[in-house]
1. Please verify whether region 12-31 includes one or more residues that are within 19 Å of the chain's Cα centre (by Cα), of a type in the set (D, E, K, R) and in a helix (DSSP H, G or I).
2. Inside region 32-43, can you point out the residues that are assigned to a helix (DSSP H, G or I) and over 15 Å from residue 90 (Cβ atoms)?
3. Could you check how many residues of region 77-91 are within 15 Å of residue 53 (Cα to Cα) and in contact with a Leu (Cβ under 8 Å, 6 or more places away or on another chain)?
4. Could you check residue 65 against (1) at pLDDT 90 or above; (2) aromatic (Phe, Trp, Tyr); (3) open to solvent by less than 20 Å² (accessible area, probe 1.4 Å) and say which number it fails?
5. Suppose we keep only residues that are small (Gly, Ala, Ser) and within 14 Å of residue 96 (Cα to Cα) within region 137-159. Which one would you say is least open to solvent (accessible area, probe 1.4 Å)?
6. Quick one: in region 26-62, which of the residues that are acidic (Asp, Glu) and more than 19 Å from residue 74 (Cβ to Cβ) is most open to solvent (accessible area, probe 1.4 Å)?
7. How many residues, within region 80-124, are closer than 19 Å to residue 30 by Cβ, open to solvent by 40 Å² or more (accessible area, probe 1.4 Å) and part of a loop (DSSP other than H, G, I, E, B)?
Amino acid sequence: DTLLFFAALFVFVEALGELGLLRAIATTLSHVIQKAPVETRQFDAICLILWVSALFSSFVDNIPFTATMVPVMVQLVNQVEGLTIQPLAWALVFGACFGGNGTLIGASANIVMASKAESEGHLITFRQFFIVSFPGMLISVTIAMLYLIIVNAAIWQHSLAM
């Protein structure tokens, strides 16, 4: 069952890529970030990339999303004033990683755990997992956002000003 699910998940994610949904999300993020005032652009970009990555990665495998976002972030940094790659990369890392904890299908480990639990006679439904995990994901992403805001103010903004 687990192997079939993984196969179907990868087909689904590839279909989303072929339909251009991942690229559309990345392009929309890019446009929103470019409209932010230069003084707050990096802060805005960190928060936006973190939360979009987390929410998206809760429901779709994070690898294709991350692979799509990396060149978009590089392009943003090269073309948009007020951005550096390091904070955007960390926002993507934390968002995609913690976001995967939000639902049963968000991370491979969740699926393997549910499959193993079921084989031992303990069914864990999507809803049961979601009720416990999604609030925890929101809390961990909020903590990551606060951490990134502090690091941005203490380190990254200073390197941007130099």
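The values are calculated or read from the model by the stated rules, or taken from the named source; none is laboratory data. Values in this document were obtained by computation on a predicted structure and should not be read as measured data. Cβ coordinates were reconstructed from backbone atoms using ideal geometry, including for glycine residues, and neighbour counts include every protein chain displayed. Surface accessibility is based on the protein's heavy atoms, side chains included, excluding ligands, DNA and RNA. Shrake-Rupley method; radii C 1.70, N 1.55, O 1.52, S 1.80 Å.
1. yes
2. So in region 32-43, the residues assigned to a helix (DSSP H, G or I) come out as 32-35, 38-43.
Of everything in region 32-43, those that are assigned to a helix (DSSP H, G or I) and over 15 Å from residue 90 (Cβ atoms) turn out to be 32, 33, 34, 35, 38, 39, 40, 41.
3. In the first step, residues of region 77-91 are kept if they are within 15 Å of residue 53 (Cα to Cα); the result is 87-91.
So of that shortlist, the ones also in contact with a Leu (Cβ under 8 Å, 6 or more places away or on another chain) come out as 87-88, 90-91.
So the count comes out to 4.
4. (1)
5. Of region 137-159, the ones small (Gly, Ala, Ser) are 140, 144, 153-154, 159.
If we keep only those that are within 14 Å of residue 96 (Cα to Cα) as well, we get 140, 144.
Details: 140: 31, 144: 7 Å².
Checking each candidate, the answer is 144.
6. Going residue by residue through region 26-62, those that are acidic (Asp, Glu) are 39, 44, 61.
Narrowing further to those that are more than 19 Å from residue 74 (Cβ to Cβ): 39, 61.
Working: 39: 147, 61: 11 Å².
Of everything passing the filter in region 26-62, 39 is most open to solvent (accessible area, probe 1.4 Å).
7. Initially, region 80-124 is screened for residues closer than 19 Å to residue 30 by Cβ, giving 80-93, 95-96.
If we keep only those that are open to solvent by 40 Å² or more (accessible area, probe 1.4 Å) as well, we get 81, 85-86, 90, 93.
If we keep only those that are part of a loop (DSSP other than H, G, I, E, B) too, we end up with 81.
Count: 1.
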